[in-house]
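K.L.:
Below you'll find the structure I mean.
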Amino acid sequence: VTTTLSAAGGGVAAMILNYTLYHVWDLIAVCNGVLAGLVGITAGCSTTEPWAAPICGALSALVIHFSSKLLLKLQIDDPLEAAPMHGFCGAFGVLWVGFMAKKEYVSEVFGTARNGYEPAGVFYGGNGKLLGAQICGIVVITAWVAANLGAFFMLMKKLNLLRTTVEEETLGLDESKHGGKAYAMELVAPEPA
């Protein structure tokens, strides 16, 4: 239930945000908002109340939009928005648990309290330990990914496997690598004569 509600909240929020900013109804923005809502709720789907799930999705839609703008400003190329979707929205979802995990749901899903400690989100009477653990998790995951992928991409760059040639890029990778066009745009809107 919470997963679906979060996806819906993300889609609606992305649609409203995109129309407010650009005066265009953009299906891709809506789809990205839905996906952002799904990623954002993943960590806390079992510990979030249904009323809060659409809020998580809506906030996730904001996270993907503004983190994409941040990467563009930093001149980091991510045309598929993979880092904003999975990295930023995923980190937001982990933080969401630290704020919005309901004590009773945490107990149902993960068992009874140990040593008298019953984890809960800060907005549900938690003392901040769960939020601290979530922040620690984000730091550890970020360090792990940066170390492993940093080494991988440095090796790829050193072996000259990271970029295509200028000719292939100009022609398009669909044609140069796969032997055909992915999008037959001339069928949609023929060029004027």
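The values are calculated or read from the model by the stated rules, or taken from the named source; none is laboratory data. None of these values were measured; they are calculated from a predicted model. Here the Cβ is made from the backbone with ideal geometry for all residues, glycine too, and neighbour counts use every protein chain on show. Side chains are part of the model used for accessible areas, which takes the heavy atoms of the whole protein and leaves out ligands, DNA and RNA. Shrake-Rupley method; radii C 1.70, N 1.55, O 1.52, S 1.80 Å.
K.L.:
Could you count how many residues in the range 31-52 are among the aliphatic types (A, V, I, L, M), open to solvent by 50 Å² or more (accessible area, probe 1.4 Å) and within 19 Å of I141 (Cβ to Cβ)?
P.N.:
Total meeting the criteria: 2.
K.L.:
Let me ask another. Only residues in the range 83-97 that are part of a helix (DSSP H, G or I) and at pLDDT below 95 count as the first member; pair them with residues that are of a type in the set (D, E) and surrounded by fewer than 22 Cβ atoms within 10 Å (Cβ to Cβ), Cβ under 6 angstrom, at least 6 apart or cross-chain, and list the lot.
P.N.:
Filtered contacts from the range 83-97: no entries.
K.L.:
For S68, state whether it is touching an Asp or Glu at 6+ places or on another chain (Cβ under 9 Å) and either at pLDDT 95 or above or not basic (K, R) (or both). Full working, then the answer.
P.N.:
Numbers: touching an Asp or Glu at 6+ places or on another chain (Cβ under 9 Å): yes; either at pLDDT 95 or above or not basic (K, R) (or both): yes.
For S68, the condition - touching an Asp or Glu at 6+ places or on another chain (Cβ under 9 Å) and either at pLDDT 95 or above or not basic (K, R) (or both) - is met.
K.L.:
Within the range 18-27, is there a residue that is of a type in the set (A, V, I, L, M) and either crowded, with 21+ Cβ neighbours inside 10 Å or in contact (Cβ under 8 Å) with a residue 12 or more places away in the chain (or both)? Steps first, answer last, please.
P.N.:
Going through the range 18-27, the residues of a type in the set (A, V, I, L, M) turn out to be 21, 24, 27.
Subsequent filtering for residues that are either crowded, with 21+ Cβ neighbours inside 10 Å or in contact (Cβ under 8 Å) with a residue 12 or more places away in the chain (or both) retains none.
For the range 18-27, residues of a type in the set (A, V, I, L, M) and either crowded, with 21+ Cβ neighbours inside 10 Å or in contact (Cβ under 8 Å) with a residue 12 or more places away in the chain (or both): absent.
K.L.:
Can T170 be described as part of a loop (DSSP other than H, G, I, E, B) and either at pLDDT 80 or above or open to solvent by 60 Å² or more (accessible area, probe 1.4 Å) (or both)? Write out each step before concluding.
P.N.:
On the way: part of a loop (DSSP other than H, G, I, E, B): no; either at pLDDT 80 or above or open to solvent by 60 Å² or more (accessible area, probe 1.4 Å) (or both): yes.
Taking the combined requirement at face value, the residue does not satisfy it.
K.L.:
Sticking with this one: When you go through (1) open to solvent by 80 Å² or more (accessible area, probe 1.4 Å); (2) not in a loop (DSSP other than H, G, I, E, B) one by one for T112, which number turns out not to apply?
P.N.:
(2)
K.L.:
Can you tell me which of (1) surrounded by 12 or more Cβ atoms within 10 Å (Cβ to Cβ); (2) part of a loop (DSSP other than H, G, I, E, B); (3) of a type outside the set (G, A, S) is the one K181 doesn't meet?
P.N.:
So the condition that K181 fails would be (1).
K.L.:
Residues that are in a helix (DSSP H, G or I), open to solvent by 50 Å² or more (accessible area, probe 1.4 Å), over 24 Å from L131 (Cβ atoms) and at pLDDT 95 or above: does the range 73-82 have at least one?
P.N.:
Yes; the residues of the range 73-82 include at least one that is in a helix (DSSP H, G or I), open to solvent by 50 Å² or more (accessible area, probe 1.4 Å), over 24 Å from L131 (Cβ atoms) and at pLDDT 95 or above.
K.L.:
To continue, here is another question. Can T48 be described as of a type in the set (S, T, Y), free of Cβ contacts under 8 Å to residues at least 60 places away in the same chain, farther than 14 Å from M85 by Cβ and part of a loop (DSSP other than H, G, I, E, B)? Spell out the reasoning first.
P.N.:
Values: of a type in the set (S, T, Y): yes; free of Cβ contacts under 8 Å to residues at least 60 places away in the same chain: yes; farther than 14 Å from M85 by Cβ: yes; part of a loop (DSSP other than H, G, I, E, B): yes.
Yes.
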